[in-house]
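To keep things clear, I will list the structure first and then write my remarks on it.
The values are calculated or read from the model by the stated rules, or taken from the named source; none is laboratory data. From a predicted model like this one, the values you see are computed outputs, not experimental measurements. FYI the Cβ positions are ideal-geometry reconstructions off the backbone, even for glycines, and counts take in every protein chain you see. Side chains are part of the model used for accessible areas, which takes the heavy atoms of the whole protein and leaves out ligands, DNA and RNA. Shrake-Rupley method; radii C 1.70, N 1.55, O 1.52, S 1.80 Å.
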Amino acid sequence: EEVYKKCSGVIKKHPKSKWVDDAWYLIGQSYLFQNELFTAIETYQYVANQFPNGERKYDAKLGILMSYIAQEKFYDAEAIMSVVKKEGEFPSRLQKDFLAISAEIYIQQEKYLQAIDALEGALKLTRKRDEKSRYNFILAQLYLKNKEIEKSKGHFIKTIKLNPPYVLAFQSNLGLIKTIGLSEEKSLRTPRKYLKKMLADDKNIDYYDQIYFELANLEVQAGNMNEAIAYYAMSAQSSVKNKDQKANSYLALAKIYF
């Protein structure tokens, strides 16, 4: 609200100022962050149309894409993204953001190959450690979905080496163990050992449900259904805060019993 007031004041007092497009863009941002998405889109479109020679039109186009993502209108977002691509390259300062937003649109539509290409491009352009760790982690998951196990493993390792926050490090370790289990055809001993080692670490108490779930998946992979049932049950029992994991554990049990 304060942003809107101050920017509106600039526009009224100095309608021909070189900062007017910046003021309108910030108003669009304020609408986006207040989740007033239709008004945000209208404001961004105004910036893009009224100031075609300024750089803020590119920021506004990114804002339009983000607003459609927030509305979960991914098909519309992809259509606009295609038009934006045909119009020419974004300024170098926005290339990374455009690629990251494009990856999000593709992921939501399960177009994983296109998402990988976009996010690999964004990763090359970022220098921020937190973005590098996040992009590597998402790429690891995308490669895993695409059954490119070695590439997935490599990105999980890169994420861990970047020393991310503990939750991301835990999920990366869990993902890495999963890739080891999928790549070692002869034995599941190594991933079992790593998972049980994670159970012995007190820092992972809140994540026992996920660890038991992965142990259960390994036993299913090995054909040990009784052990799998026991681990899925322990996963469900230890899920206190994570309702999604509890549901997944019971669903896995239901499929076995069915």
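Details
- Peptide ranges 28-35, 210-217, 86-93 listed from the most packed, as the mean C-beta count within 10 angstrom indicates: 210-217, 28-35, 86-93
- The chain: relative contact order as a whole-number percent, Cα under 8 Å and 6+ apart: 8
- Dipole of the chain, positive end: most advanced residue of Pro164, Tyr231, Phe33 [Cβ charges, Cα centre]: Pro164
- Electrostatic bookkeeping for Lys246 treats Lys and Arg as +1 and Asp and Glu as -1; over the other residues with beta carbon under 14 Å from its beta carbon, the sum is -1.
- Once the Cα-Cα distance is subtracted from the 0.36 nm per residue extended length, the Asn224 to Ile205 segment shows a gain of 4.3 nm.
- For the stretch 244-256, backbone phi angles converted through the Karplus equation (6.51, -1.76, 1.60; θ = phi - 60°) give residue-by-residue couplings of 5, 5, 4, 5, 5, 5, 5, 5, 4, 4, 4, 5, 5 Hz, Gly and Pro being listed as x.
- Mean residue ellipticity (222 nm) of the chain, computed from DSSP H runs ≥ 4 via -39,500 (n - 2.57), nearest 500: -25500 deg cm²/dmol
- Residue-level accessible surface for Tyr208, protein heavy atoms, 1.4 Å, Å²: 50
- Taking a sphere under 13 Å around the Cβ of Tyr232 and counting the other residues whose Cβ falls inside, with K and R at +1 and D and E at -1, yields a net charge of -2.
- Cα-based shape type of the stretch 142-258, given that a ≥ b ≥ c are square roots of the gyration tensor eigenvalues and the cut on a/c is 1.5: oblate
- Computed with a 1.4 Å probe over protein heavy atoms only, the accessible surface of the chain comes to 59 Å² per residue.
- As a calculated quantity, the FRET efficiency between Phe38 and Lys241 at R0 = 35 Å, using C-beta atoms, amounts to about 0.50.
- Loop-located GluC sites (Glu not before Pro) in the stretch 92-132 (DSSP state other than H, G, I, E, B) with a sparse environment of at most 10 neighbouring Cβ atoms within 10 Å: Glu110.
- Coupling constants for the stretch 106-122 follow from the phi torsions by the Karplus curve (6.51 cos²θ - 1.76 cosθ + 1.60, θ = phi - 60°), and in residue order they are 5, 4, 5, 9, 6, 9, 6, 5, 5, 5, 4, 4, 5, 6, 4, x, 5 Hz; glycine and proline get x.
- The amide H of Gln71, built 1.01 Å from its N in the peptide plane, has no neighbour under 5 Å, considering only residues 5 or more places off or on other chains.
- Surface calculation, 1.4 Å probe, protein heavy atoms: Met198 sits at approximately 20 Å² accessible.
- The solvent-accessible area of Asp76, taken with every protein chain present and a 1.4 Å probe, is close to 70 Å².
- Note on the stretch 55-121: with charges restricted to the Cβ of Lys and Arg (+1) and Asp and Glu (-1), its dipole about the Cα centre is near 220 debye.
- Whole-percent carbon and sulfur share, accessible surface of the stretch 15-146, 1.4 Å: 50
- For the stretch 78-193, relative contact order (Cα pairs under 8 Å, six or more residues apart, normalised by length) works out to 17 percent.
- Dipole axis of the chain (+1 Lys, Arg; -1 Asp, Glu on Cβ), positive-most option in Ala216, Gln109, Gly154: Gly154
- Using θ = phi - 60° and Karplus 6.51 cos²θ - 1.76 cosθ + 1.60, couplings along the stretch 72-87 (whole Hz; Gly, Pro as x): 6, 9, 6, 5, 5, 4, 5, 4, 5, 4, 5, 5, 4, 4, 5, 6
- Between the stretch 195-258 and the stretch 46-99, the alpha-carbon center distance in angstrom: 42
- For the chain, the Cβ-based charge dipole about the Cα centre amounts to some 680 debye (Lys, Arg positive; Asp, Glu negative; other atoms uncharged).
- Charge dipole (the stretch 123-211, unit charges on Cβ, about Cα centre) - positive-most of Thr126, Leu188, Leu174: Thr126
- FRET efficiency for the Lys255 to Asn163 pair, using the beta carbon distance and R₀ = 41 Å, is estimated at 0.65.
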